[in-house]
1. Quick check: pseudo-label points 7 Å beyond the Cα along Cα→Cβ at residue 70 and residue 141, how many nm apart are they?
2. May I ask you to give the solvent-accessible area per residue for the stretch 379-467, in square angstrom, as obtained with a 1.4 angstrom probe?
3. Would you work out the charge dipole size for the stretch 302-405 about its Cα centre, treating the Cβ of every Lys and Arg as +1 and the Cβ of every Asp and Glu as -1, and quote it to the nearest 20 debye?
4. Counting only helical runs of four or more DSSP H residues, what would the 222 nm mean residue ellipticity of the chain come to if each run contributes -39,500 (n - 2.57) and the total is spread over all its residues?
5. Where a ≥ b ≥ c are the square roots of the eigenvalues of the C-alpha gyration tensor, would you call the stretch 121-176 rounded, which needs a/c under 1.5, or, failing that, prolate if a/b is larger than b/c, or oblate?
6. Please state the shape class of the stretch 95-220: rounded when a/c is under 1.5, otherwise prolate if a/b exceeds b/c and oblate if not, all from the C-alpha gyration tensor.
7. In Å², and per residue, what accessible area does the stretch 94-225 have when probed at 1.4 Å with the other protein chains present?
8. Multiply the residue gap between residue 82 and residue 205 by 0.36 nm, knock off their C-alpha separation, and tell me the result in nm, one decimal place.
Amino acid sequence: MLVLKFGGTSVGTSESIRRVARITTENLHRSPVVVLSAMNGVTDSLLLSARAAARGEEAESSAALERLRDRHRQAARECVVEPYLEPLLACLDNTLDALGKVFSALALLREASPRSLDLVAAHGERLSCALLVGTLCSQGIAAETLAAEALVKTDDNFGEAMPSMELTSEAAREFLLPVLARGAVPVVPGFAGATIDGVTTTLGRGGSDYTATILGAALGAHEVWIYSDTDGVLTADPKVVPEARPLPHLSYAEARELSFFGAKVIHPRTVLPAMDHQFPVRVRNSFNPSFEGTAITVHGERSGQSVKSIAYTRDISTVTVEGSGRPGGPRVAGRALGVLERLFTDAFLTNASSPEQNLSFVLPTSKAGSVVRGLREEFAEEIRRGEVRHIERQDGLGVFACVGEALGDTSGIGARVFGVLGRLGVSVHGFAQAPSGTSFSFVVDADRLDEAVRALHEEFIGREAAR
Ligand code: ASP
Ligand code: MG
């Protein structure tokens, strides 16, 4: 059994959808389970429309809904023939009409809670799945779509829900195995799931990749192939480093670090189920299907290269808790981390010299406000007594990470990074080494981030001969 997952650009046009159908057909002998993203741009548009509706701007959300209808209906007409076309058009209309009702409700209530946003966002994948099922059936391939809500069971952390592997495995086996046994291709909407009460959740932006490995683990898949629009995982983001090239092998740890620090090609939690169940994840290009892409496995490959790839994230802030430095003052670290946990916020890294006194978290700017508020509440008493001097944020930063299994055992990496940054005159606002030694990460001013990434790519990767 093989899980094939296709991202938004891979299902973004009728031509791409036909290409996805072809890749699926070529792998029929492997009993594929297909997981899809929404057509590219659809999730963004759904979320914008939901927020517009909640502001009472229903004209805007209705117009967006009609644009979605046109786009999906057009793709349907270009990919699907009768007797499948008419029921497909009806199904697209039903889904979009239901969504229209949700928008009206949001406009009435003037609210778009994380829970409502998840309900709205989950519609994009339903639409793309209906299109692919119609396309496959039109080509004589039996295919059926299932509800993500019936398969992926999660907690109720809306917007970033965590799956229960146990309940999901049970449900996935119950509902997917019979479809495979009938000789049909199951087509599953990625990204969405549901609580045990059946309330729709999502796994976080980009979460369809995670759906693929969750189902792979649940079903004991031999491999999971994640198709996007690049030739696998690259040595850097090609938008910043045009000479970036694909990597044939990565270890789970390397892939996890890269996605954690912002490599967009796979969702950060994607490799976790693969690590637990030890199946390879291959990242491939649906627009270049004969290319092998990147194989992500336990050991990856010790290529002799220290830094294999560089990932980055923009819009970063630091939030600092500064104690008074007096002996016997409050112990800051545990309580501060507790605040982050309550806010479901992961820091990219922490800076600390005496962590029980002073600590700063490096996190997305979008989370900085709530973390500052949470910390000021937590330490209100200590602030009043002068035992915590201040809790402050600094915006306008970026973080990048040099990633490679061999980094921890290679001497001089840090010196080379600081050397390059020093020559550029880029100052470092924080750095950390992953305990595994797989990544070295650095915080710099946002406006120097691209230049730093390019220079380090040149230092560690660019000079080595192209493949
Ligand atoms: N469609 C969702 C998103 O845009 C999930 C995904 O594509 O993986 O975030
Ligand atoms: Mg994606």
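The values are calculated or read from the model by the stated rules, or taken from the named source; none is laboratory data. If you're wondering where the values come from, they're calculated on a predicted model, not measured in any experiment. With ideal geometry, Cβ positions are generated from the backbone for all residues, glycine too; neighbour counts draw on all protein chains shown. Heads up: the accessible areas ignore ligands, DNA and RNA and are worked out on the full protein's heavy atoms, side chains in. Shrake-Rupley method; radii C 1.70, N 1.55, O 1.52, S 1.80 Å.
1. Each label point lies 7 Å from its Cα, and together they span 3.0 nm.
2. On the way: 4230 Å² over 89 residues.
Per residue, the stretch 379-467 has 47 Å² of solvent-accessible surface.
3. Once rounded to the nearest 20, the dipole reads 60 debye.
4. On the way: 16 runs with 196 residues, N = 467.
After summing the helix terms and dividing by the residues of the chain, the value is -13000 deg cm²/dmol.
5. Taking the square roots of the gyration eigenvalues as a ≥ b ≥ c, the stretch 121-176 is oblate.
6. Values: a/c = 2.44, a/b = 1.34, b/c = 1.82.
Oblate, because a/c is 1.5 or more while a/b does not exceed b/c.
7. About 37 Å² of surface per residue is accessible.
8. 40.8 nm
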